[in-house]
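Structure first, then comments.
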Amino acid sequence: MIGLLDFRSSDEIAVDAIKHAVKALRKRHLLEEGAHAPAFIAISRPFLSQGSEWKEKAENLELELQQCYKAQSRLSEQLVVEVAECRTSKALVQEKEAVVTNLQNEVTQAREECSQLKEILEEKTKALDLVVSENQALRAQLEELTLKAKNAEAENKMLIDRWMLQKMQDAERLNEVNALYEELKDRLKSSSIEQLARQQVDGVVRQSEAGAEYFVESSVPTALKYKINAHEGGCGSVLFEHNSNRLVSGGQDQTIKIWDTNSGALSRTLHGCIGSVLDLTITHDNKAVIAASSSSNLYVWDVGSGRVRHTLTGHVDKVCAVDVSKISGRHAVSAAYDRTIKLWDLQKGYCTNTIIFPSNCNALCFSMDGQTICSGHVDGNLRLWDIQTGRLLSEVAAHSQAVTSICPSRSGNIVLTSGRDNLHNLFDMRTLEVCGTFRANGNRVASNWSRSCISADDNHVVAGSVDGSIYIWSRVGADIVSTLREHSAPVLACSWSELGKPLASADKNGNLCIWT
């Protein structure tokens, strides 16, 4: 406002100066007219001698008067321009004053918002202090719980060590009992005395759901009972339910079928598998079937309802082998072409441990105590693993080419392996030493997942061939006791019922043969 007053005062001074200059010019003009009046009078006199001089003076005075008028005109124009500029400046000043007023209002509003933000900041600071104090309290609780967890972990490790020691002692006792059983078996040649000896040795008589399970002598099959077109595209896996005549088969048509071998009738079909079925296993209570699939998944069915209970995911390539623990229906193990073995909890449906190895695994099985896994690999090696730690316990070169099958005996002391070198070897599980080799000139293994088997009494070995034949060897003499010919395609899998008969086989065309 002071600048505006100063600006107005300078305008008034300029106007007054201009007015004063105009007055001065007018006064000068009047004075000049008064001063020149005698000259004009003299000019009017008829003095010829002074006429030119006075005329010249008059012209000069007129010229000066014209210049004065021009100067007055320029000053008037300058005055008009100055007045216009003054008005423009006045309008600009008014706009600036409005802007200043708006800025003052914004500053006032910003101060109010700043004060509100300060109040909010104080509240947030108090809340942050409260959260920090709570966090410190929680950290103290976490440290306390961590200490308790470490103590519990140490105590748990100690208990596990004690438990493992107890298991080792139990295993030693079991080995002693098995050794006693083998000694009695060698001494007692009579079948009735041999059966009595098996019942007398503590821990050798195995238990079924209904009670004690007695050893049944397996009869060598000689005749075809049924031939069933079971699966389209081929059947790669068959096995009998425990202590039952019911047969389970899986094929490339993505179905699992359960058959009554007494009548040859289909009892149930399990759907839900995506991909070809490459291997099967059944829990010890016959309540669940587990299938290994080419879709990288495993599927667990409830046999009673026929519904899929779990889909086990985790492998990234086809799953070619699966087995379930002999002592618990809760744990299963699988192998895939992603070079991993996975241990599964079937109650919760997730993986509990993963073992990584350098060569793909084609077959595997649990040991009788459920603590180790025996696996057969593409490099021809047989490996034993600790399922708790994933540590490799032992390794042996079983075949010169890929291992295609692993089948444990009912006693669990020996395991049958088959390989692409067309050999079938028996290994002692305790030492991994070969205790029998079986071969035949016409017997050729059909695929990387051709499954052979041992009879229920552990006295015979069965394997299929690429020409459709089935060879049966005597375990004692390693000689061929029977050759069954009915299949027109390569035989992919064999399974012998735990009841001693019948024998089942499956081929690449999807046909099942039941032999008695």
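The values are calculated or read from the model by the stated rules, or taken from the named source; none is laboratory data. Keep in mind the model is a prediction, meaning the values are calculated, not measured. Ideal geometry is used to build each Cβ from the backbone, glycine not excepted, and the neighbour counts take in all protein chains shown. Side chains included, ligands, DNA and RNA excluded: accessible areas come from the protein's heavy atoms. Shrake-Rupley method; radii C 1.70, N 1.55, O 1.52, S 1.80 Å.
Residue by residue, here is whether (1) crowded, with 17+ Cβ neighbours inside 10 Å; (2) touching a Ser or Thr at 6+ places or on another chain (Cβ under 6 Å); (3) modelled with pLDDT under 95 holds:
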site: Asp428; (1), (2), (3): no, no, yes
site: Glu433; (1), (2), (3): no, no, yes
site: Phe438; (1), (2), (3): yes, no, no
site: Ser452; (1), (2), (3): yes, yes, no
site: Asp458; (1), (2), (3): yes, yes, yes
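The rows are residues; the columns are (1) closer than 23 Å to Ser263 by Cα; (2) not aliphatic (A, V, I, L, M).
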{"residue": "Leu423", "(1), (2)": "no, no"}
{"residue": "Leu426", "(1), (2)": "no, no"}
{"residue": "Ser450", "(1), (2)": "no, yes"}
{"residue": "Ser465", "(1), (2)": "no, yes"}
{"residue": "Ser495", "(1), (2)": "yes, yes"}
{"residue": "Glu498", "(1), (2)": "yes, yes"}
{"residue": "Leu503", "(1), (2)": "yes, no"}
{"residue": "Asn511", "(1), (2)": "yes, yes"}
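Screening Cys68 with (1) over 18 Å from Arg28 (Cα atoms); (2) touching a helix residue (DSSP H, G or I) at 6+ places or on another chain (Cβ under 8 Å) gives one miss only, at (1). Of all the criteria given as (1) open to solvent by less than 20 Å² (accessible area, probe 1.4 Å); (2) touching a Lys or Arg at 6+ places or on another chain (Cβ under 9 Å); (3) not charged (D, E, K, R), the one not satisfied by Leu278 is (1). Criterion applied to Thr389, Thr404 was being β-branched (Val, Ile, Thr), outside any strand (DSSP E or B) and in contact with a strand residue (DSSP E or B) (Cβ under 9 Å, 6 or more places away or on another chain), and the one residue passing it is Thr389.
Checking each residue in the range 380-398 for being in contact (Cβ under 8 Å) with a residue 12 or more places away in the chain and either surrounded by 17 or more Cβ atoms within 10 Å (Cβ to Cβ) or closer than 25 Å to His284 by Cβ (or both) picks out Gly380, Asn381, Leu382, Arg383, Leu384, Trp385, Asp386, Ile387, Gln388, Gly390, Leu393, Ala398.
With respect to the stated conditions, Ser465 is under 26 Å from Val396 (Cβ atoms) and in contact (Cβ under 8 Å) with a residue 12 or more places away in the chain. Can you name the residue in the range 407-427 that is in a loop (DSSP other than H, G, I, E, B) and not hydroxyl-bearing (Ser, Thr, Tyr) and is also nearest to Ser367 (Cα to Cα) among such residues? Going through the qualifying residues, I end up with Gly412. Annotation note: Cβ proximity below 7 Å between a residue of the range 276-298 that is charged (D, E, K, R) and a residue that is open to solvent by less than 10 Å² (accessible area, probe 1.4 Å) and in a strand (DSSP E or B) (sequence gap 6+ or interchain) occurs for Asp279/Ser237; Asp279/Ala292; Asp279/Cys320; Asp279/Ala321; Asp279/Val322.
Return only the number of the condition from (1) of a type outside the set (Gly, Ala, Ser); (2) buried (at least 16 other Cβ atoms within 10 Å of the Cβ); (3) more than 23 Å from Ala230 (Cα to Cα); (4) touching a residue at least 40 places away in the same chain (Cβ under 8 Å) that Glu486 does not satisfy. All conditions pass for Glu486, except number (3).
Can you work out which of the residues in the range 338-362 that are among the aliphatic types (A, V, I, L, M) and crowded, with 17+ Cβ neighbours inside 10 Å is nearest to Ser295 (Cα to Cα)?
The first filter runs over the range 338-362 and keeps only residues among the aliphatic types (A, V, I, L, M), leaving 341, 343, 346, 355-356.
Those still in the list that are crowded, with 17+ Cβ neighbours inside 10 Å too: 341, 343, 346, 355.
Numbers: Ile341: 16, Leu343: 18, Leu346: 19, Ile355: 20 Å.
Among them, the one singled out is Ile341.
Candidates are the residues of the range 282-296 that are open to solvent by 10 Å² or more (accessible area, probe 1.4 Å) and among the hydroxyl-bearing types (Ser, Thr, Tyr); the one that is farthest from Val319 (Cα to Cα) is Ser295. Of the residues making up the range 399-426, those that are open to solvent by less than 10 Å² (accessible area, probe 1.4 Å) and touching a Phe, Trp or Tyr at 6+ places or on another chain (Cβ under 7 Å) are Thr404, Val415, Thr417, His424. Residues that are buried (at least 17 other Cβ atoms within 10 Å of the Cβ) and within 25 Å of the chain's Cα centre (by Cα) were ranked within the range 325-337; the one that is modelled with the lowest pLDDT is His331.
Please pick out the residue among Leu4, Leu65 that is open to solvent by less than 50 Å² (accessible area, probe 1.4 Å) and either within 30 Å of Ala98 (Cβ to Cβ) or at pLDDT below 65 (or both). Reasoning before the result, please.
On the way: Leu65 fails: either within 30 Å of Ala98 (Cβ to Cβ) or at pLDDT below 65 (or both).
So the residue among Leu4, Leu65 that is open to solvent by less than 50 Å² (accessible area, probe 1.4 Å) and either within 30 Å of Ala98 (Cβ to Cβ) or at pLDDT below 65 (or both) is Leu4.
Only one residue in Cys365, Cys320 is touching a Phe, Trp or Tyr at 6+ places or on another chain (Cβ under 9 Å) and open to solvent by less than 30 Å² (accessible area, probe 1.4 Å). Which one? Don't jump to the end; show me each part of the working.
Numbers: Cys365 fails: touching a Phe, Trp or Tyr at 6+ places or on another chain (Cβ under 9 Å).
Result: Cys320 is the single residue among Cys365, Cys320 that is touching a Phe, Trp or Tyr at 6+ places or on another chain (Cβ under 9 Å) and open to solvent by less than 30 Å² (accessible area, probe 1.4 Å).
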